[in-house]
Amino acid sequence: MSKPMSSVFSEIFVNNLFELDSNACKCEKDTKNVVPGEPPETTLKIYSLSDRPIHFSYSDKDGLNLTGPQGRVIIKNILGQVLALKEGDADGVIRLIEKAGFILPISFQNYEAIEFNALMKIIRRIKATVNLMNAIDGKNIYEQMRMFQAMTYLLYDDPIELDLEGMRYVTCPHALNELLRKPIPLRDFRGDRDSILENGNFEVSDSISSSGRAEVSHDLYNQMQMGSFGTIPGQGSSNYRNLFFAYISTMKKQSDWAPIVDFYMNYQNQAGIIDYVDLDSITYYDPKAQFSLNDNLKKALPKVARMVLSNEINHNISSIHMQYDGEGLAPKWKIETLLQALYFAIFYMKPGIKMYKRCANPNCKRDVFFLTDRTKTNKEYCSTQCRSAAGQRRRRLGEQAEKKPQS
Ligand SMILES: [Zn+2]
C-alpha cells in the first residue's frame with residue numbers, strides 16, 4: 001500500500017465513525033426435550049420485521065448505539081449489552097434480538113432457525129475477544145492469566161457455523177485449533193540420524209527457548225507415536241499428541257503458526273497438560289496443575305496473544321470495505337451485519353486506551369458493561385445514578401451492621 005493511501009486509512013480509523021442500517025426481528029423459542037435428565041435443546045426461530053427499520057451508529061464516547069428512525073437513542077452501547085448476557089439465558093438473548101435485530105441478516109419471509117447453543121458460542125467468543133483486548137497490555141499476573149484464559153478459549157473452542165438463507169457464517173478458524181484436531185504428517189527423520197545415534201535426541205526449532213532450539217528425545221517421540229499414556233497426565237490425549245507432532249514438524253519453518261505451537265508446547269510442559277477450556281476456566285489433566293509462566297513464556301505471551309487477537313478480529317471484519325459517499329464527499333465504512341459492527345466496535349477500543357468495565361453497582365440496570373478510558377481507574381460506575389445508588393446501599397448496609405446486636 002502506498003503512503004498517501006495509508007495516511008488516508010489512519011485518518012478514517014481515527015476520525016470516522018461507522019453506521020449500519022438493519023431491522024428489528026421477531027424471535028420465538030422452540031424447546032425440544034431430547035434426552036431424559038438432560039437440558040432441552042433450544043432453537044430460536046427468527047424473522048426480520050420490514051416495518052421496524054433500526055439504525056446503528058458508533059461514537060467514540062458511548063460505543064455502538066441503536067437509534068430509531070428519528071435518530072432517538074433506543075439502546076446505548078450494544079456491545080456492553082451483549083457482554084452482559086448471562087450464560088444460558090435464552091430469554092435475555094431473545095429480548096435483545098427483538099430490539100436490536102439479529103447479528104446476521106435474517107429473512108423477511110421465513111423463520112430462520114438458529115441453535116441457541118451455537119449462538120451462545122458466538123457470544124462467548126465476543127466476550128473472550130473483549131477480555132483479551134482488555135488484558136492485552138497487562139503486566140501483572142492477574143492480567144496475564146486473563147490474557148491466557150481468553151486466548152486459549154478462542155484457540156481451543158472448536159469452530160461453529162451458522163447457515164442462513166442469505167449468508168453462511170463460520171467462526172474464526174485458528175490454525176492451532178485445526179492442528180489440535182487433525183494430526184499433521186509425521187516428521188521425516190532422515191536429517192536427524194546422526195544426532196539420534198549420538199545422544200538419542202533430535203533438534204527442533206523453538207521460538208520460546210532462549211537459544212531458539214530445543215532437544216527432543218527420540219524415545220519420547222516413539223512413545224507419543226504409539227499413543228502410550230506415559231507418566232505425565234494427559235500425555236496420551238489427542239490434543240496434546242497432535243500439538244507435539246506439530247511442534248516437532250519440519251513444516252513449522254514455513255508456517256505462521258510456529259510461535260503459537262511453541263508457546264502451548266512449552267506452557268503445557270511447564271504448567272500441565274490442558275484437558276478442557278471454558279470461557280472462564282481451564283481444566284488440566286493433573287488436578288494439581290495450575291496457571292504459571294516462566295520468564296520466557298512471560299515474554300512470549302503478549303506477542304502470541306496479539307497474533308490471536310488480530311486473527312480473531314480480522315476474520316470478523318474482513319468483509320467490511322470502504323465506500324466513497326458522493327453526497328458528503330467523504331469515505332465511509334460499508335458495514336453489512338451487526339456482528340461486523342460489534343467486532344468493529346471492539347477494534348475501535350484501542351488497546352491500552354479504552355476498556356469495557358463492569359459497573360460496580362450490583363443492581364445496575366443500565367449498561368452493566370460500560371466503555372471508559374483505561375487511565376480512569378477510579379471510574380467504577382456506569383452513571384451518576386449507579387454511583388449514588390451504590391453509595392446509599394453501602395450506607396444502608398452499614399446501618400444494618402451497626403443495628404445488629406453484639407454477640
Ligand atoms: Zn451501572
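Scanning for something outside any helix (DSSP H, G or I) and surrounded by fewer than 20 Cβ atoms within 10 Å (Cβ to Cβ), does the stretch 116-136 turn up at least one residue? The answer is no; no qualifying residue exists. If you go through the stretch 351-369 and pick out every residue that is modelled with pLDDT under 70 and within 9 Å of the ligand (Cβ to nearest atom), you end up with 1.
Of all residues in the stretch 277-307, those that are more than 15 Å from M147 (Cα to Cα) and either touching a residue at least 24 places away in the same chain (Cβ under 8 Å) or hydrophobic (A, V, I, L, M, F, W, C) (or both) total 6.
Looking at R193, R213, which one is exposed (fewer than 15 other Cβ atoms within 10 Å of the Cβ), of a type in the set (K, R) and closer than 16 Å to N266 by Cβ? Every option except R213 fails the conditions.
Which residues, counting only those in the stretch 60-79, are under 15 Å from L342 (Cβ atoms) and touching a residue at least 24 places away in the same chain (Cβ under 8 Å)?
Within the stretch 60-79, D62, G63, L64, L66, I75, K76, N77, I78, L79 meet the criteria.
Just give me the residues in the stretch 98-111 being surrounded by 21 or more Cβ atoms within 10 Å (Cβ to Cβ) and out of contact with any helix residue (DSSP H, G or I) (no Cβ under 8 Å at 6 or more places or on another chain), in sequence order. Of everything in the stretch 98-111, just one residue is surrounded by 21 or more Cβ atoms within 10 Å (Cβ to Cβ) and out of contact with any helix residue (DSSP H, G or I) (no Cβ under 8 Å at 6 or more places or on another chain), namely I106. Scanning the stretch 61-99 for residues that are under 21 Å from the mean Cα position of the chain (by Cα), among the aliphatic types (A, V, I, L, M) and outside any loop (DSSP other than H, G, I, E, B) gives L64, I78, L79, V82, L83, A84, A90, V93, L96, I97. Taking every residue in the stretch 382-398 that is within 11 Å of C359 (Cα to Cα) and outside any helix (DSSP H, G or I) and pairing it with any residue that is of a type in the set (D, E) and within 11 Å of the ligand (Cβ to nearest atom), at least 6 positions away or on another chain, the pairs with Cβ-Cβ distances below 6 Å are C382/D367. Highlighted here would be strands (runs of 3 or more DSSP E) found entirely within the stretch 137-212 that include at least 1 residues which are under 22 Å from N242 (Cα atoms) and assigned by TED's automatic domain parsing to the domain that holds F116, but there are none. In the set L180, L186, L197, only one residue is out of contact with any strand residue (DSSP E or B) (no Cβ under 6 Å at 6 or more places or on another chain) and at pLDDT 95 or above; that residue is L180.
The values are calculated or read from the model by the stated rules, or taken from the named source; none is laboratory data. What you see is a predicted model; the values in this text were computed from it and never measured. Neighbour counts run over all protein chains shown; Cβ positions are idealised from the backbone, glycine included.
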